[in-house]
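J.: Questions regarding the structure given below will be posed in turn.
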Amino acid sequence: MPRTPSEPRTPLPLPDLLPASLRRAWALDGTCPDLDLYSLFRARQISDLHRTAVVDAKGKLCYTALDRKVRCLAVGLAELGVGAGDVVGVQLPNGRNAVITDLALAAVGAVALPFPVGRGAAEAASLLRRAAAVAVVAATEHRGAHPAADLVAGLAPPTGGPALRHVIAAGPGPAPEGAVPFAELLRRSDPTAFVAARPDPDEAARILVSSGSEAEPKMVAYSHNALAGGRGNFFASLMPDPATPPRCLFLVPLASAFGSNGTAVALARHGGTLVLLDHFTPRAAVDAIREHEPTHILGVPTMARMILDLLEQEQREQHPHAGKLPAPTALVLGGAPLDATTAAEARRAFGCAVVNLYGSADGVNCHTGLGTEGTPGGPHPRTDGPARASADRATDHGIVAGRPDPRVADIRVADPTTHEPLPACEIGEIVARGPMSPLCYVGAPELDARYRAPGGWVRTGDLGLLDEDGVLHVVGRLKDVVIRGGANISPAEVERELSAHPSVRDVVCVGVPDPLMGERLAACVVPSSGRAAGAGAPTLEDLVRHLTARGLARAKHPERLLLLPALPLTPAGKPDRTTLRERATHA
């Protein structure tokens, strides 16, 4: 029910851990637009009233029609008592309702907390409780699950916490008892009565949920300027003509950290079009590329490999459209390491630049750009002298992530203990600070103390180096090691070498418990297309011979092999290492 004026409201404290002078400097010099997300969207709507904003399973929605729905929902949310500074959860699949909700929350000055529909009720309850959310917008049904009903059942006090007041159920299908129908909020509201809140652009607009390996997902608060400015500048560098709005096919959930480049960036900042699939399949992705001809395709490397397999299958079966794929401007792959083999195959198949994006919810972003220089498998920026030799050595130490852009995030490599910057080509912890830096971790001052260094720098927990050309190379994780008999093994290093095997399409290495050695390394492998188990699939002996030939120390070789038709994915679209570890342990 609506909050009455007598009811006190204490917004969740979300302090900015960056110096205020830096934030203001980026606004004054034009690095950040210094406008809230809804104001940016309205400016785009006014400049091109009938441009298509969203393409989803329901069809097309233009900017003006989208704005009317946004205003209606904003009025409905305000009537429920949702106001400035309130946190509202969003658990919706990719589609217009997710976009409408994002913009409506920005318009009332609330803070969106999106998380993918694949997260279970227990994890959703934890996120909403820890963020002191006052409401949640959830799907009535999605692929056999019923998130809204689960939330109604599981989030009553004290489980849901005293802050939560409403579950808003978005169709299709009837809303469960106890939930507010999303469609009713849209129908009963008068959009002409709405006056936007105009929040401070340096205040929180969205909470990104980390899909990392923590016991509980980390939540990170981002301002309007950090999203539209810092992250917006990242995307601007992938637009050859800034005057031509992008047409973006999002294969990742908009509710993921990677997906935050959707509504806030592609739509509000750049006036583009979002092409959305409510869930990813290779066939749906290829059909959408052929039908809608996106300029940018955003996904994770595993999705790219699945699409490549389908394209190969079409060739073998002489599909009528085999080989016919309209070339986008860029295939942008992030969320997991991109190996040289996948990058090269994708460049040939898609006929465009393959951008390796190194980024995280915690506040780091670096990418290889639209050229071939610095991309996995591509040439280095310079080809002469000592710097080239240094770059060659650096390539042996990880994945090329590109040259940092200070308009997005300045990146240093620092000593993990002292936080002091290290010289070129020395491996240390990657730290970042810039216009896209988040405010803070949500409800977790202990995480701020652990991951924010003096001056507001974000500690990524990743190991890397900057070569003499200023190109970033990512080596692995500080704590992502398998300890076998006291010796440390980096799974990322082994994965990079195995990905070059001709019979390996996809690979993740995990540690499995062992009573003698503590842990042993298991390789979870998806064989190349057409190489099913027993029909040309790699054996453990094949992989060991390959690693020996590439000079990898014997102590780092995997001792178990798990063959899979496809890697299990998390709700954010990344390889599910927890599931793989369990399966490899019991294989």
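Rule-based calculations on the coordinates, nothing more; no lab input. Keep in mind that what you see is a predicted model, and the values were worked out from it rather than measured. Every residue, glycine as well, gets a Cβ built from its backbone with ideal geometry; the counts of neighbours run over all protein chains shown.
J.: Which ³J(HN,Hα) values in Hz, rounded to whole numbers, follow from the phi angles of the stretch 310-320 under the Karplus curve 6.51 cos²θ - 1.76 cosθ + 1.60, where θ = phi - 60° and Gly and Pro get x?
T.: Values per residue, Gly and Pro as x: 5, 5, 5, 5, 4, 5, 5, 8, 6, 4, x Hz.
J.: Moving on. How much of the DSSP bridge set in the chain is antiparallel, in percent, rounded to the nearest 5?
T.: 55 percent
J.: What is the Cα radius of gyration of the chain over 2.2 N^0.38 Å, N being its residue count?
T.: 0.95
J.: How do Glu446, Glu79 rank when sorted from fewest to most other Cβ atoms within 10 Å of their own Cβ?
T.: In increasing order of surrounding Cβ atoms, one gets Glu446, Glu79.
J.: Where a ≥ b ≥ c are the square roots of the eigenvalues of the C-alpha gyration tensor, would you call the stretch 482-586 rounded, which needs a/c under 1.5, or, failing that, prolate if a/b is larger than b/c, or oblate?
T.: On the way: a/c = 1.67, a/b = 1.14, b/c = 1.46.
Oblate.
J.: Let me ask something additional. How far is it, in nm, from the label point at Leu540 to the one at Arg450 when both lie 7 Å from their Cα along the line to the Cβ?
T.: 3.4 nm
J.: Continuing with this model, one more query. Give me the distance in nm between label points sitting 7 Å out from Cα along the Cα-to-Cβ direction at Lys58 and Ala25, one decimal.
T.: Each label point lies 7 Å from its Cα, and together they span 4.5 nm.
J.: Could you compute the net charge surrounding Leu521? Neighbours are other residues with a C-beta less than 9 Å from the C-beta of Leu521; K and R count +1, D and E count -1. Please report the intermediate quantities before stating the final value.
T.: Numbers: positive: Arg484, Arg520, Lys556, Arg560; negative: Glu519, Glu559.
Once positives and negatives cancel, what remains is +2.
J.: Oh, and also: Which whole-number percent gives the relative contact order of the chain, counting Cα pairs below 8 Å spaced six or more residues apart?
T.: 12 percent
J.: If you take the square roots of the eigenvalues of the alpha-carbon gyration tensor of the stretch 84-125 and sort them as a ≥ b ≥ c, do you get rounded (a/c under 1.5), prolate (a/b over b/c) or oblate?
T.: It is oblate, given that a/c is not under 1.5 and a/b is not larger than b/c.
J.: Please give the net charge around Leu276, taking every other residue with its beta carbon less than 9 angstrom from that of Leu276, where Lys and Arg add +1 and Asp and Glu add -1.
T.: Summing Lys and Arg as +1 and Asp and Glu as -1 gives -1.
J.: A further question follows. Run down the lysines and flag those whose C-alpha is under 19 Å from the C-alpha of Lys479, throwing out any fewer than 8 positions away in its chain.
T.: Excluding near neighbours in sequence, the set is Lys218, Lys556, Lys574.
J.: Restrict the search to the stretch 92-199; then list the trypsin sites (Lys or Arg not before Pro) that DSSP places in a loop and that have at most 16 other Cβ atoms within 10 Å of their Cβ.
T.: Arg143
J.: Give the distance, in whole Å, between the Cα centre of the stretch 256-330 and the Cα centre of the stretch 26-74.
T.: Cα centroid to Cα centroid, the span is 23 Å.
J.: Among the trypsin sites (Lys or Arg not before Pro) in the stretch 52-81, which ones are in a DSSP loop with at most 16 other Cβ atoms within 10 Å of the Cβ? Mind listing them?
T.: Here the sparse-neighbourhood loop sites are Lys58.
J.: Please compute the modelled spin-label separation between Glu216 and Arg316, points set 7 Å along Cα→Cβ, answer in nm with one decimal.
T.: Rounded to a tenth, the inter-label distance reads 4.7 nm.
J.: Using the number of other C-beta atoms within 10 angstrom as an exposure proxy, rank Val355, Val512 with the fewest first.
T.: Val512, Val355
J.: May I pose another question? Just to confirm the filter: which trypsin sites (Lys or Arg not before Pro) across the stretch 436-505 are DSSP coil and have at most 15 other Cβ within 10 angstrom of their Cβ?
T.: Answer in residue order: Lys479.
J.: Can you give the % of DSSP beta bridges in the stretch 45-201 that are antiparallel, to the nearest 5?
T.: Percentage antiparallel, nearest 5: 25.
J.: With 10 angstrom as the radius, rank Ile297, Ile307 by how many other C-beta atoms surround their C-beta, starting from the fewest.
T.: Ile307, Ile297
J.: For the chain, take the longest principal axis of its alpha carbons; what is the angle in degrees between that and the long axis of helix 385-395, to the nearest 10 within 0 to 90?
T.: Roughly 80 degrees between the two axes.
J.: Let me ask another. Which FRET efficiency, nearest 0.05, do Arg348 and Ser503 yield, Cβ-Cβ r, R0 22 Å?
T.: After rounding, the FRET efficiency stands at 0.70.
J.: Now for a different question. Given only helices, namely DSSP H runs of n ≥ 4 each adding -39500 (n - 2.57), what is the per-residue ellipticity at 222 nm of the chain, to the nearest 500 deg cm²/dmol? Walk me through the intermediate numbers first.
T.: Working: 16 runs with 163 residues, N = 587.
Estimated from H runs of four or more residues: -8000 deg cm²/dmol.
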